[in-house]
Amino acid sequence: MKKKKGILIANIGTPDKPEPKEVKAYLKNFLGDHRVIDTPRWKWLPILHGIILNTRPKKSAALYKEIWTDEGSPLLVYTKSQAKQLQERFPDYMVRYGMGYSSPTIADSLTEMANAGVEDITVIPLFPQYSTTTTASVNDAVFRHYLKQENMPSLRLIREFTDHPMYIDLLVDQIKKGVAKHQPDRLVISYHGIPVSYVEKGDPYKDQCQATTDGILAKLELEIPWMVTYQSTFGKAEWIKPALDQTLVGLPEKGVENVLIITPGFVSDCIETIEEIEAENRGYFIENGGKVFNYIHPFNDDPKFIDLLEALVREA
């Protein structure tokens, strides 16, 4: 008897509403995960519950309100669209999406699949580069769910698509078009940062970012200078460098007035791309003498990105 198959695409998640209460619930789940913050629980949880969850939600809610659309959070909107398009590519499969720290949860979607009789599931964490803070956290959620179940389906876990030819080609095409349109002085390839200690413990994320960069440059005949940076630092720990914000502050005094930013680690727009890149980091550059700042948005629901997801399923 032929097994009924399913596909689960997974991302980090987003608050249900751009309000302090919902943001607090989301941050409690996100920042409470030992994969995200690996500080010993006895040390970290009092900080999280005593300080961060009492101060950060209000500020973060204000930022989420700035990026919120009529349809909801951009990350959720695009993930829904990605799942819908992927379902059209696989009419005989059950395609769902799940979030690591918000609704619908990964467990919710896996339960729905089980109730529908799905016995073979391909899981695609929507993170091109593997990290314990992202891909591993999705895998944790999957296996945590099945620890409580009597019946576990066949699972295919996509670990990364760091240097997949289709992924690299999509990035190269974006950069070519961006350079031709904006004529920048400098291309900045920015990845989400992680603490140095994670790399020292064996997280391959930084190496995978380098592999993506190498793949891009191997196919891109770039006539302007380029550089790699890391963004979204948090807390007092040492993070991998150079930092995007500090880089943008210093570029104008070096004669760089026109920058083009691309963030290969994000496949959908979210608060880190819309608010942090386009608002906050744009401000750092312009306030320090920069003239032109342009950002290449993630793939979002571009059908060519769905082509890549389809390929990952068929190759699994």
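Within the stretch 57-65, is even one residue charged (D, E, K, R) and either in contact with a helix residue (DSSP H, G or I) (Cβ under 8 Å, 6 or more places away or on another chain) or not assigned by TED's automatic domain parsing to the domain that holds Ile12 (or both)? Yes.
Considering only the stretch 125-164, how many residues are charged (D, E, K, R) and either part of a strand (DSSP E or B) or more than 18 Å from Gly202 (Cα to Cα) (or both)?
So in the stretch 125-164, the residues charged (D, E, K, R) come out as 140, 144, 148, 150, 156, 159-160, 163.
Subsequent filtering for residues that are either part of a strand (DSSP E or B) or more than 18 Å from Gly202 (Cα to Cα) (or both) retains 144, 148, 150, 156, 163.
The total comes to 5.
Being touching a helix residue (DSSP H, G or I) at 6+ places or on another chain (Cβ under 6 Å), surrounded by 13 or more Cβ atoms within 10 Å (Cβ to Cβ), among the aromatic types (Phe, Trp, Tyr) and closer than 20 Å to Ile306 by Cβ is a property that holds for Tyr97.
Let's see how each residue does on (1) in contact with a Pro (Cβ under 8 Å, 6 or more places away or on another chain); (2) assigned by TED's automatic domain parsing to the domain that holds Glu238; (3) not aromatic (Phe, Trp, Tyr):
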| position | (1), (2), (3) |
| --- | --- |
| Asp33 | no, no, yes |
| Thr39 | no, no, yes |
| Ile52 | no, no, yes |
| Thr55 | no, no, yes |
| Ser73 | yes, no, yes |
| Phe90 | no, no, no |
| Tyr97 | yes, no, no |
| Tyr101 | no, no, no |
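Mind listing just one residue for me: the one in the stretch 14-57 that is charged (D, E, K, R) and part of a helix (DSSP H, G or I) and, of those, nearest to Ala237 (Cα to Cα)? The residue in question is Lys43.
Tell me, yes or no, whether the stretch 103-124 has at least one residue that is among the acidic types (Asp, Glu), touching a strand residue (DSSP E or B) at 6+ places or on another chain (Cβ under 8 Å), at pLDDT 95 or above and assigned to a helix (DSSP H, G or I).
Of all residues in the stretch 103-124, those among the acidic types (Asp, Glu) come to 108, 112, 119-120.
Checking the rest, the ones that are also touching a strand residue (DSSP E or B) at 6+ places or on another chain (Cβ under 8 Å) come to 108, 112, 119-120.
Next cut, at pLDDT 95 or above only: 108, 112, 119-120.
Keeping just the survivors that are assigned to a helix (DSSP H, G or I) gives 108, 112.
Looking for residues that are among the acidic types (Asp, Glu), touching a strand residue (DSSP E or B) at 6+ places or on another chain (Cβ under 8 Å), at pLDDT 95 or above and assigned to a helix (DSSP H, G or I), one finds at least one in the stretch 103-124, hence yes.
Using the structure shown, decide if Lys21 is surrounded by fewer than 16 Cβ atoms within 10 Å (Cβ to Cβ), in the same structural domain as Ala136 (by TED's automatic domain parsing) and at pLDDT 95 or above. Answer is yes for this residue.
Within the stretch 39-47, does at least one residue satisfy the condition of being of a type in the set (A, V, I, L, M) and over 29 Å from Val118 (Cβ atoms)? Taking every residue of the stretch 39-47 in turn, at least one turns out to be of a type in the set (A, V, I, L, M) and over 29 Å from Val118 (Cβ atoms).
If only one of Gln82, Gln87 is of a type outside the set (D, E, K, R) and surrounded by fewer than 19 Cβ atoms within 10 Å (Cβ to Cβ), which one is it?
Details: Gln82 fails: surrounded by fewer than 19 Cβ atoms within 10 Å (Cβ to Cβ).
From the options Gln82, Gln87, the qualifying one is Gln87.
Anything in the stretch 154-205 that is more than 30 Å from Glu221 (Cβ to Cβ) and surrounded by fewer than 18 Cβ atoms within 10 Å (Cβ to Cβ)? List them, or say none.
Ser154, Leu155, Arg156, Leu157, Arg159, Val196, Ser197, Val199, Glu200, Lys201, Gly202
The values are calculated or read from the model by the stated rules, or taken from the named source; none is laboratory data. What you see is a predicted model, and the numbers here were worked out from it, not measured in a lab. Positions of Cβ are generated from backbone atoms using ideal geometry, with glycine treated the same way; all protein chains shown enter the neighbour counts.
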